[in-house]
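Report on the following structure.
The values are calculated or read from the model by the stated rules, or taken from the named source; none is laboratory data. Treat the numbers as computed from the prediction; the structure is a model and nothing was measured. Note that we place each Cβ from the backbone using ideal geometry, even for glycine, and neighbour counts take in every protein chain shown. Only protein heavy atoms, including side chains, enter the accessible area calculation; ligands, DNA and RNA are left aside. Shrake-Rupley method; radii C 1.70, N 1.55, O 1.52, S 1.80 Å.
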Amino acid sequence: MADAHAKPQHDYHLVDPSPWPLVSSLFTVALFVGSVIWMRGLFGLPEGTKWVFFIGLAGILYSMFGWWSDVIKEGRKGDHTPVVSIGLRYGMILFIASEVMFFAAFFWMFFEMTLFTEARTAIPEIGNWMDTAAAWSTWPPKGVELLSPWGLPLLNTVILLLSGTTVTWAHHALQAGDRKAAKTGLLLTVLLGIIFTGVQAYEYYHILHADYFFGEAAANSKLYGSIFFMTTGFHGFHVLIGTIFLAVCLLRLHLGQMSPQKHFGFEAAAWYWHFVDVVWLFLFAFVYVVFG
């Protein structure tokens, strides 16, 4: 096996044994379990315990650094042959397709809640379910105060659309060999991603402290708040990951590691960022505007 890795007689790259898939999976579990402990308490740990969450987060960041470093080293060694590069592109396309289906599931749930409210009035009485059905028999659900889409949501929409233009500018500049313009465009994109995250954090703070979705009046309508935070929160998490992805590309550009002919890491980051843009447009249109 060692000889096969040392002297390949083909165009494919046999990846060396790597700890990162297992390590990142374990820390991801720690992150989500830590989130539950932080919010609700679990395994004898009281609500508000944060250390499990931050251990998971630190482990994921460490895994990202180690895994991406290994992939970059492989590319610089020449392991990313034309055949391997095609496989990397297919892999990124399939990954984004899986993310599309991930969000489609949550959109499906949201549309089921918003479009079929009257059907809940015909549900037979089962325990406390009738109170929930009655709350959901109108839109918006009883007790829920919806957000205006023309404030912070519109601002974040403009920010993401602008970031889509700056990342495209950076990509075309790199293809043309203009490294200075590519760095400028990438830097602007990273800054816009950070601003988006900050605006969304402020929006969440405002929602939670004003009891828009979780107040006493919305006692039987809290499913709306859960779906809202699930869809917009996971999108915000994708923005954070995309921002880190682009920041790594910016660092590599400064180190002279990308060329007009070979820069798939940047290309993949740009694809991912455009996916994040499109998902947000659907979120803004349906969660904030059409059913707002």
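So is Val71 part of a helix (DSSP H, G or I), modelled with pLDDT under 85 and aliphatic (A, V, I, L, M) or not? Yes; evaluated as a whole, the condition is true for this residue.
Can you find a residue that is at pLDDT below 90, in a loop (DSSP other than H, G, I, E, B) and open to solvent by less than 70 Å² (accessible area, probe 1.4 Å) anywhere in the stretch 194-214? The answer is yes; a qualifying residue exists. Would you point out the residue of the stretch 175-186, among those that are touching a residue at least 60 places away in the same chain (Cβ under 8 Å) and closer than 14 Å to Leu246 by Cα, that is surrounded by the fewest Cβ atoms within 10 Å (Cβ to Cβ)? Going through the qualifying residues, I end up with Lys183.
The residue of the stretch 268-285 that is nearest to the chain's Cα centre (by Cα), among those that are open to solvent by less than 60 Å² (accessible area, probe 1.4 Å) and either of a type in the set (A, V, I, L, M) or modelled with pLDDT under 90 (or both), is Val276.
With respect to Ile86, is the statement that it is part of a helix (DSSP H, G or I) and within 23 Å of the chain's Cα centre (by Cα) true?
So Ile86 fails the test.
Does Phe103 satisfy the condition of being surrounded by fewer than 16 Cβ atoms within 10 Å (Cβ to Cβ) and assigned to a helix (DSSP H, G or I)? No, not satisfied. For Gly66, the test of being outside any helix (DSSP H, G or I), surrounded by fewer than 16 Cβ atoms within 10 Å (Cβ to Cβ) and either of a type outside the set (D, E, K, R) or modelled with pLDDT of 85 or more (or both) is failed. Quick check on the stretch 38-54: of everything there that is open to solvent by 90 Å² or more (accessible area, probe 1.4 Å) and of a type outside the set (Asp, Glu), which residue is nearest to Phe27 (Cα to Cα)? Across the stretch 38-54, the extreme among qualifying residues is Phe54.
None of Gly225, Gly233 is free of Cβ contacts under 8 Å to residues at least 60 places away in the same chain and either surrounded by 18 or more Cβ atoms within 10 Å (Cβ to Cβ) or closer than 24 Å to Gly164 by Cβ (or both) except Gly233.
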